[in-house]
Each structure stands twice: as structure tokens, then as C-alpha cells.
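Worksheet: one structure, shown below.
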Amino acid sequence: MNKALELFLGILTAVGGFVEIGELTFSLNAGRRFGYSLLWVVVLGTVGIVCYCEMAGRVAAVRKQPVFHLIRERAGLTAGLVTLLAANLVNLMTCAAEIGGIALIWQTMSGWPYRPLIVAAFVVLALAMWFLSFEWIERVFGLLGLFMVVFIAAAVHSGPDWGAVAAGLVPGLPQGDAGSGLALYAYYGVALLSSIMLPYETYFYASGAIEDRWTAKDINLNRIIVIVGSGVGSLLAVALISAGVEVLAPRGIEAELPGTAALAAATAFGKWGLLAALVGMLFAFAGAAIETAFSAAYNLGQFFGWPWGKFRPPRQAARFHGAWLVVLLLSTLLILSGLDPVDVVEYSIVFAVVTLPFTYFPLLVIAADRRVMREHANGKLANGLGWLFLAITTLAALAAIPLLVITHGGKG
Amino acid sequence: MHKRGKLWGLWLGPLIGGLALASVAHRLAAPSDPATLAKKAAIVVGELRSLSAEGRFLAEEGQRGTVTRVFLREHASQIAKDLHSPLDRLRRGEWHASQAWTQAGIDSGARSLAALQELADVDGSSPALQRAAAALGASAGELSRLEQSLEQRSR
């Protein structure tokens, strides 16, 4: 395929796949509680995910080694196994929340009952994962997820206080809900960072680089897709924070349902805005459900050395294909049991941050190793940022669960 | 490097687990004094207030014609479903049922629930939407005052 077209589609799919139900919920509620004062976390998280996805893509392109292969090799069997279990638990919870989110949105579009829609979501996702090629899965769900740009248009339409937006880019103490306290501010900061740097994004991206048969020649393509795709994608998170500030805060509404976000788009653009928001969220959540289910199967295959990859037919990689199907099924059962998708995602986001340093450390070590990566090893900037974000994610991992407990799950 | 990776897991994992356990133990050991109870109650009342306010917002958007009939009906029923949980916690919570604020919160929450159910069954006519918006707005206002009073008691 033409390189320019590949680059263009890669960027668009990265933008369309940037937001999932966790980021949606935390961005809206961060804006509703703290105004624009957590915008700097979006910038920080975006630089972090760019830094580590670029490394993961580069290592995959040069060494053909995805993330869990490195974790097994560098952290050893026991520590690696604990990381695998934690990462796949987070994948399972995230996938369950996305399936619940899909059913809730589908219900508001069709009027059909919620529980059968959970089952329908499972069937549609399983069929798409089974029959569509990796390339088409990325395109269909990533490109249709782009309807979420309606939130960027709605944010501009709402006429935000640009001075407050600019001030929010500088780290500082909370504005807005003054009674909430620093612990709550820190909780939202950690959760927002986690929702942007979700570990499955790195697993999926590196595995996808191998699925797409990238080589060292694709390193620049990797860099541009990650930087532009994540950079533009982060504008969606900024727009959702803006919706929290401009639409939810004045009305005293905490976002508990995906439909709440759609109302923000409806306020700006009426029924067409509502429809665009619902379609965008539907495909963005579906894309995230597919990515998390595949990520869990990739992690298992890479850790245990099974043949893995969507490019391999089921007869050649039976355990890989069986694993994603089982993860998808378990996630569906979890949501069918009556758990609230937004409650599930709140826990999955907090536990996700705990797995980040365990995922990033082996990746950083190998990406910096000149004996292994030769001329493609990290330069000074990548190394500096890598160590900085390892320190930041380690601090966030240590603080995440205590903050969850202290703030009553972010309620106050 | 293999050793460094192992060392990394050896200190960081237990430290995260230890901090998590310590915070849970601290929470469990915290006394159930009136201020703590008021804080917990304020959170539950705050959830009811937020859902009532969202119902009002939905009804107002329905009046403006910016949402489809199906969205109006289904989103109202999703909010009503979510409202059951804090309402039940208020009814069965650890605070004393005879306290005036408990009953006031339950009454306001029940009025919101009734208005949301009406919104879910609404035929889309403007007077019905106006009625629902007014009822939900009134409940949200009452719950907001109750929440503020509980917040003050929790300090």
C-alpha cells in the first residue's frame, strides 16, 4: 500500500482508538470536579504513552519481540507471571466495562433491552474478531470511532474560557470543587494518567507492529503514527474535560453513564450531535473491547511461547484464538452478572496503573540496550523520558490503591 | 539485566501490596463517629442529587428537541436504574433511620425516581416533559441542600 495512505490511516485509527469508557468517564468527571486544572495530566500522560508506545513499536520492528516476550525474558518467570496475571485481570475488567458500555449506548439508540444487548455485543465482537483481518479491524473500529471528534467541535462551540484552559496546562493546585481536597485531586490525577497510559495500548501496539510485519525501515512510520495519533487523540480527552467543565459542572452532574457524554454533544448540535457522539462512542468502546481481548491473548501467547497472531489461522494458533474468545466470553459473563460498567472501569483504571511500571521497566531496559538494539537503541531524549515516566508511573502505582480507599472510590 | 528486572519486581510488588493493605486496614479501623457517618451520607445523597440533576437536564433537552424519543426514554430508564442503588443504601445504611435528614433524602430520592419513570414513559409532549423537569429540579435542589448540610456536619 502507498506509504502516505498507510501513514494517514494509521494516524486516523490511532486517534479514533484513543478514547475508551474509562478515559471518557474520568475526563468528564475530572472537568466537572476540578475545572481545567487537571489538563496538565493529559499532556503528561500523552507524552508518556508516546514515549513507551514508540519504544514498544521500535523494539517490535527491530527485534520482532513484543512486550510480554521481553517481560518473561527480563523479569524472570515468577515476577513475569505475576505481571501477566495482573495485566490480564486488568484486560478482563476493561473488556467487561467496554462491553457494558456498548450495550448501554446500543440501548439508547435502539430501545432494545440491556441484557440481550450485552449478548448481542459479544456475538458481534466475536464475529468481527474471527472474520475480519487485523488491518480491517483497526480501520473499521478506529475510523468509525472518529465520530467522537464531535466532542472537540462541541468544546469549541461551548466557548470555553481559553485563559483557564491555558492555566490548566501548568501543574497547580485544584480549582473548582474546593471542598474536595487534595486527596481527591490526586486520585483524579492518577486515574486520568492511567486512563491515557492504559497498559493494553502498549501490548496491542507492539503486537500490532508484528502483525503488520514492520521492519527497521518502519521506525519513522512508527514514530509519526504514535506522536501525531496520540497527540490529536489527546485532544478528545481535553474536549471531554471541557464538556465536564462547561456542561456538567454548572448542572451538578457526575457522569455515570455514556449517555451523559452524548447529552453534552446534543446541547451543542442537537440530534445530529447526539447521533455522532453515540456512534463514535459505540465504535470506540467496541475497538477497545477487541484490543483488550486480543491483548490478553497476545500476552499469554508471548509469555508462554505459543504461536500467536491474528495473521495465523486458528488451526496454526489454536490457543491464541481460544484465549481471546475465552476472555471475551468471561468479560460478557462478568457484565451479565449485574456489575455496573462504570464501577468496573473505575477499578480497572486504578489497577491498570499498578501494572504500568512492571510493563515499562523491561521495555525501557531493552530499548536502551545498544548491544541488542544497535543503532536503533534509545537516544538521550528517549532514555531521559523513559526513566522520568518510569519514576512517575511508579509513584502513581504506589499511590493508586491508597487514594482509591481514602477517597471512597473517588466519591469524596 | 535479568537480575535488575527481578530486583525491580521484588521490592516494588510487596511495597504496592503493603501500602494497599495498610490503607484498607486504616479504613476498617476508622471509628464510626458522627462526622464519618455524615461524610458517607453526604456521598450517597450527592449521588442522588447528581442523578436527579441529570434527569432534569435530559427532560430539558427533550423539551428543546435535541434528543430522539428513544434516547429520552432509554436514558431516563438507565438513570432511574442507577438511582435505585443510592436510594437503597440510604434506606438500609448504618445511619439512624429516624433522623429527619434520612427521611428527607429518601423522600426526595423517591420523588426523583417517580419523575424519571414518568420521563421514561413520556409521550414526548412538552407539558409532560416540563412537569418531569420541574419535579426533578425540585428534588435535586432539596438533595443539594441536604448534601451541603451533611458536608458541614462531617467537618
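In table form, for the structure just shown:
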{"item": "Members of region A:304-330 that are more than 21 Å from A:F134 (Cα to Cα) and within 22 Å of the chain's Cα centre (by Cα)", "result": "A:L330"}
{"item": "Region B:133-155: number of residues that are of a type in the set (G, A, S) and over 30 Å from B:G65 (Cα atoms)", "result": "2"}
{"item": "Test: B:A38 is surrounded by fewer than 23 Cβ atoms within 10 Å (Cβ to Cβ), over 13 Å from the mean Cα position of the chain (by Cα), at the interface with chain A (Cβ under 8 Å from one of its Cβ atoms) and of a type in the set (G, A, S)", "result": "no"}
{"item": "A:L77 being within 14 Å of chain B (Cβ to nearest Cβ), farther than 25 Å from A:G259 by Cα and out of contact with any helix residue (DSSP H, G or I) (no Cβ under 6 Å at 6 or more places or on another chain)", "result": "yes"}
{"item": "Condition check for A:T215: surrounded by 23 or more Cβ atoms within 10 Å (Cβ to Cβ), within 21 Å of A:G57 (Cβ to Cβ) and either among the polar types (S, T, N, Q) or without any contact (Cβ under 8 Å) to a residue 40 or more places away in the chain (or both)", "result": "no"}
{"item": "Among (1) without any contact (Cβ under 8 Å) to a residue 40 or more places away in the chain; (2) not in a helix (DSSP H, G or I) - the single one A:Q65 does not satisfy", "result": "(1)"}
{"item": "Region A:244-267, residues that are buried (at least 24 other Cβ atoms within 10 Å of the Cβ) and of a type in the set (S, T, Y)", "result": "A:T260"}
{"item": "Leading residue by the ranking (nearest to the other protein chains (Cβ to nearest Cβ)) among those in region A:390-412 that are surrounded by fewer than 20 Cβ atoms within 10 Å (Cβ to Cβ) and at positive phi", "result": "A:H408"}
{"item": "Test: residue in region A:320-328 that is in a helix (DSSP H, G or I), more than 18 Å from A:V123 (Cα to Cα), away from chain B (no Cβ under 14 Å) and without any contact (Cβ under 8 Å) to a residue 24 or more places away in the chain", "result": "yes"}
{"item": "Residue identified as surrounded by 13 or more Cβ atoms within 10 Å (Cβ to Cβ) and within 15 Å of the chain's Cα centre (by Cα) among B:E47, B:E60, B:E74", "result": "B:E47"}
{"item": "Set A:L77, A:L104, A:L117, A:L81: member being farther than 26 Å from A:H376 by Cβ and touching a Phe, Trp or Tyr at 6+ places or on another chain (Cβ under 6 Å)", "result": "A:L117"}
{"item": "Any hit, region B:124-140, residues being within 30 Å of B:S32 (Cα to Cα) and surrounded by 16 or more Cβ atoms within 10 Å (Cβ to Cβ)", "result": "yes"}
{"item": "Residues of region A:340-366 satisfying the condition of being more than 12 Å from chain B (Cβ to nearest Cβ) and either touching a helix residue (DSSP H, G or I) at 6+ places or on another chain (Cβ under 7 Å) or under 25 Å from A:V50 (Cβ atoms) (or both)", "result": "A:V344, A:V345, A:Y347, A:S348, A:I349, A:A352"}
{"item": "Residues that are touching a Ser or Thr at 6+ places or on another chain (Cβ under 9 Å) and more than 30 Å from A:A86 (Cβ to Cβ), drawn from region B:17-39", "result": "B:P34, B:A35, B:T36, B:L37, B:A38, B:K39"}
{"item": "Residue within region A:236-243 that is assigned to a helix (DSSP H, G or I), of a type in the set (S, T, N, Q) and surrounded by 23 or more Cβ atoms within 10 Å (Cβ to Cβ) present", "result": "yes"}
{"item": "Test result for A:I71, within 27 Å of A:L282 (Cα to Cα), in contact (Cβ under 8 Å) with a residue 60 or more places away in the chain, in contact with a helix residue (DSSP H, G or I) (Cβ under 6 Å, 6 or more places away or on another chain) and not basic (K, R)", "result": "no"}
{"item": "Residues located in region A:367-384, provided they are more than 11 Å from chain B (Cβ to nearest Cβ) and surrounded by fewer than 20 Cβ atoms within 10 Å (Cβ to Cβ)", "result": "A:R370, A:M373, A:R374, A:E375, A:H376, A:A377, A:G379, A:K380, A:L381, A:A382, A:N383, A:G384"}
{"item": "Flag for A:V50 being part of a helix (DSSP H, G or I) and in contact with a His (Cβ under 6 Å, 6 or more places away or on another chain)", "result": "no"}
{"item": "Residues located in region A:380-412, provided they are small (G, A, S) and assigned to a helix (DSSP H, G or I)", "result": "A:A382, A:G384, A:G386, A:A391, A:A396, A:A397, A:A399, A:A400"}
{"item": "Breaking point among (1) modelled with pLDDT under 95; (2) under 26 Å from B:Q130 (Cα atoms); (3) within 14 Å of chain A (Cβ to nearest Cβ), for B:L72", "result": "(1)"}
{"item": "Positions within region A:272-302 being within 14 Å of chain B (Cβ to nearest Cβ) and either crowded, with 21+ Cβ neighbours inside 10 Å or small (G, A, S) (or both), in sequence order", "result": "A:G273, A:L274, A:A276, A:A277, A:L278, A:M281, A:L282"}
{"item": "Residue within region A:351-359 that is surrounded by fewer than 23 Cβ atoms within 10 Å (Cβ to Cβ) and out of contact with any Ser or Thr (no Cβ under 6 Å at 6 or more places or on another chain) present", "result": "yes"}
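Okay, residues lined up against (1) within 14 Å of another protein chain (Cβ to nearest Cβ); (2) more than 29 Å from A:H408 (Cβ to Cβ):
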| site | (1), (2) |
| --- | --- |
| A:A186 | yes, no |
| A:I196 | no, no |
| A:F204 | no, yes |
| A:L221 | no, yes |
| A:G229 | no, yes |
| A:L248 | yes, no |
| A:G259 | yes, no |
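The values are calculated or read from the model by the stated rules, or taken from the named source; none is laboratory data. None of these values were measured; they are calculated from a predicted model. As a convention, Cβ positions derive from the backbone with ideal geometry for all residues, glycine included, and neighbour counts pool all protein chains shown.
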